[in-house]
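> I'd like to ask some things about the structure below.
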Amino acid sequence: MENKKSIKKEVYALIAIVVVILLLLLFVFKDSLFGAGTGYRDVISQYFTAISERDFDSYVDTMLDEIAADYEAEKADLEYSDYQYMDELYYDVFDEFGEDVAITLTFGDAERPDSEYIDYFAESYEELYGKSISTSNVYDVYVNANFAGSLSESDIEFECFVLKTGGQWYMVGCDFWSEE
């Protein structure tokens, strides 16, 4: 009788171990299994925070190395400090909303862009940088950004394009439109 109890305990322990392993695998591979995941939100948030804080290093950290290098080269050519470069790059934001602009984001849907856009991006990237890039994890994320500062406040809708490569999310573009 005790032998049956021992076997039952071992079976239950084995089932528990399998369940834990499956849950761990699900956690590790959730982005691959369920689409965009939520990691893209972090890189988009970092991008907008870097703009409002004029934090050049954080800004370029959201980008693929080749794109970041273009910004770094332009900043060096202009002989600007990190702060000056960001201030000049987004002068229209600071002129409209004030030096103290804060940006609050509300995330909408994330979806795959149409194949023509993805193909165009991949071809352009290869042409510009001489490097092909995997576009299997490119998403179009709709974001509402509230810009609020001492001069004004406004909601602006953005369509941000993010790409996941090497296990990390990157910004590869951001378009906006407003009702004004």
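> Where only protein heavy atoms count, and the probe is 1.4 Å, what is the accessible area per residue for the chain in Å²?
Per residue, the chain has 64 Å² of solvent-accessible surface.
> How are the C-alpha pair distances of region 73-156 spread across 10 Å bins, as whole percents from the shortest bin up?
15, 25, 31, 28, 1
> What is the angle, in °, between the Cα long axis of helix 65-78 and the longest principal axis of the Cα atoms in the chain? Nearest 10 is fine, range 0 to 90.
In the chain, helix 65-78 runs at an angle near 20 degrees to the longest axis.
> Calculate what fraction, in whole %, of the accessible area of the chain sits on carbon and sulfur atoms when a 1.4 Å probe is rolled over the protein chains.
Using a 1.4 Å probe with all protein chains present, the chain comes out at 52 percent carbon and sulfur.
> Taking the chain as a Gaussian network, where each spring joins two C-alpha atoms under 10 Å apart, which residue of GLU126, GLU53, GLU66 fluctuates the most?
Per the Cα network of the chain with a 10 Å cutoff, GLU126 tops the list.
> Right, next: In degrees, nearest 10, range 0 to 90: what is the angle between the Cα axis of helix 2-28 and the longest Cα principal axis of the chain?
In the chain, helix 2-28 runs at an angle near 10 degrees to the longest axis.
> Roughly how tilted is helix 115-129, in degrees to the nearest 10 and between 0 and 90, from the longest Cα axis of the chain?
Approximately 70 degrees, to the nearest 10.
> Excluding residues on the same chain fewer than 8 positions from LYS131, give the lysines whose Cα lies under 30 Å from its Cα.
Qualifying lysines at Cα under 30 Å: LYS30, LYS75, LYS164.
> In nanometres, what is the gap between the two model label sites at ASP77 and LEU151, each 7 Å from Cα along Cα-to-Cβ?
2.7
> When Lys and Arg each count +1 and Asp and Glu each count -1, what net charge do the other residues less than 14 Å away from GLU116, Cβ to Cβ, add up to?
Taking every Cβ under 14 Å from that of GLU116, the sum is -3.
> Over the chain, what is the mean sequence separation of C-alpha contacts under 8 Å (at least six apart), divided by residue count, expressed as relative contact order in percent?
So the answer I get is 19 percent.
> Given the rule -39500 (n - 2.57) for each run of at least 4 DSSP H residues, summed and divided by the residues of the chain, what is its mean residue ellipticity at 222 nm, to the nearest 500 deg cm²/dmol?
Theoretical 222 nm ellipticity from helices: -16500 deg cm²/dmol.
> Mind checking which of ASN144, LEU89, ALA122 is farthest towards the positive end of region 84-180's charge dipole, using Cβ charges of +1 (Lys, Arg) and -1 (Asp, Glu) about the Cα centre?
ALA122
> If you take every DSSP beta bridge fully contained in the chain, what fraction is antiparallel? Give it as a percent rounded to 5.
Counting only bridges with both partners in the chain, antiparallel ones make up about 95 percent.
> A follow-up question, please. Nearest 0.05, what FRET efficiency do LYS4 and ASP175 give at R0 = 45 Å with Cβ-Cβ as r?
Plugging the Cβ-Cβ distance into 1/(1 + (r/R0)^6) gives 0.10.
> Determine the gain in length on full extension of the stretch GLU53-LEU105; use 0.36 nm per residue of separation and subtract their C-alpha separation, reporting nm with one decimal.
Full extension of this stretch gives 17.2 nm more.
The values are calculated or read from the model by the stated rules, or taken from the named source; none is laboratory data. Not measured: the values here are computed from a predicted model. Methodologically, a virtual Cβ is constructed for each residue, glycine included, from the backbone with ideal geometry; neighbour enumeration extends over all protein chains shown. To get the accessible areas, we keep the full protein, side chains included, count just its heavy atoms, and leave off ligands, DNA and RNA. Shrake-Rupley method; radii C 1.70, N 1.55, O 1.52, S 1.80 Å.
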